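Every number here is computed from the coordinates shown, using simple stated rules; none is lab data. On a predicted model such as this, the values are computed, not experimentally measured, just so you know. With ideal geometry, Cβ positions are generated from the backbone for all residues, glycine too; neighbour counts draw on all protein chains shown.
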Ligand code: UDP
Ligand code: MG
């Protein structure tokens, strides 16, 4: 089946009214210069400002603009999932609303996709302008640790900004999991990939929507969704402390038999008890994370709910089960 639309751009947005006009301006200018059919699908992730109103106005006179409004704030991962369900282009590009992913790189992405005949064009950040040193360091460590322990490779320093072919997008749609770590899901499909490097600029306006707490949550999500290494680490920790404990016990017995030492060592006992109970709580926590994930998966709830779809042309996902 030949797709009618060549290029689909997905833009998730949450309280982005400040940047939306510039964002639309820049994205559409670039797409118009490509001379191909395109659609821009904005996914409103329950914004509380007038982001949706701004885009809705655009959809009235631009058939290429679509707006999928979620019923509440589901988070960027869910917003992307919704976007993926609604686009129909032969190539799909995911881009942030805050213009940290420069739309001007789109022609190079499309060009690479066609020239190299690949399924994924990944954008790798050479630098991260305007981000705090803490964020840079944590991001650096996170990607490396994740790669070290996950069963497949998640390219370092790449985000959701990428182009994926229809084939790759269909593969992603086949992943129904509820614990969605999109970078992992998008990378899991593998396929032929080219990487383009770019300098990541700072947000054009507005504030960062993903705070540290959320990013930490996402990091734990990322690691536990794609690897059971933490569980193995728990086994390892248990084994090591059990061996140490047993050897120490043997040593105490030998000492008592040989030299008849009196009972002593209350402080060291407290230290050992605290250490061991801490370790136990930690490993139970790890276990709990996986049990919790299984619980959430087992409920089979939809990843998002769509309140409304605005488009002057007909825009429907293949199945509308998530539409209210
Ligand atoms: N976003 C979203 N839902 C959320 C949070 C963020 O759709 O709950 C969107 C946001 O509007 C932006 C993109 O996700 O287009 C990236 O968010 P942000 O710039 O806040 O985070 P960053 O990834 O740059 O740290
Ligand atoms: Mg941003």
Taking 0.36 nm per residue of sequence separation and subtracting the Cα-Cα distance, how much length would be gained by fully extending the chain between residue 147 and residue 321, in nm to one decimal? 59.2 nm
Mind telling me which of 236, 74, 140 comes out most flexible in a GNM of the chain, alpha-carbon contacts under 10 Å? 236
Find the centroid of the Cα atoms in the range 68-120 and in the range 5-46, then give the distance between the two in whole Å. 9
Using per-residue counts of other Cβ atoms within 10 Å, averaged over each peptide, order 40-46, 242-248 from highest down. 40-46, 242-248
Given a 10 angstrom Cα cut-off, can you work out which residue in 120, 309, 257 is the most mobile in a GNM of the chain? 257
So how much slack lies between residue 33 and residue 253, counting 0.36 nm per residue of separation and subtracting their Cα-Cα distance, in nm? 71.0 nm
So what are the chain's ellipsoid semi-axes, whole angstrom, largest first, if each one is the square root of 5 times an eigenvalue of the alpha-carbon gyration tensor? 48, 20, 19
Using helices alone, what [θ] at 222 nm do you get for the chain, with -39,500 (n - 2.57) per DSSP H run of 4 or more residues, divided over all residues and rounded to the nearest 500? -16500 deg cm²/dmol
Report, to two decimal places, the Cα Rg of the range 53-149 normalised by 2.2 N^0.38 Å (N = number of residues). 1.34
Taking R0 as 25 Å and r as the Cβ-Cβ distance between residue 237 and residue 268, the FRET efficiency 1/(1 + (r/R0)^6), rounded to the nearest 0.05, comes to 0.80
Could you work out how much longer the chain between residue 280 and residue 228 gets when fully extended? Use 0.36 nm per residue separation minus the Cα distance between them, nm to one decimal. 17.0 nm
By the gyration tensor of its Cα atoms, with a ≥ b ≥ c the square roots of the eigenvalues, what is the shape of the range 1-87: rounded for a/c under 1.5, prolate for a/b over b/c, or oblate? oblate
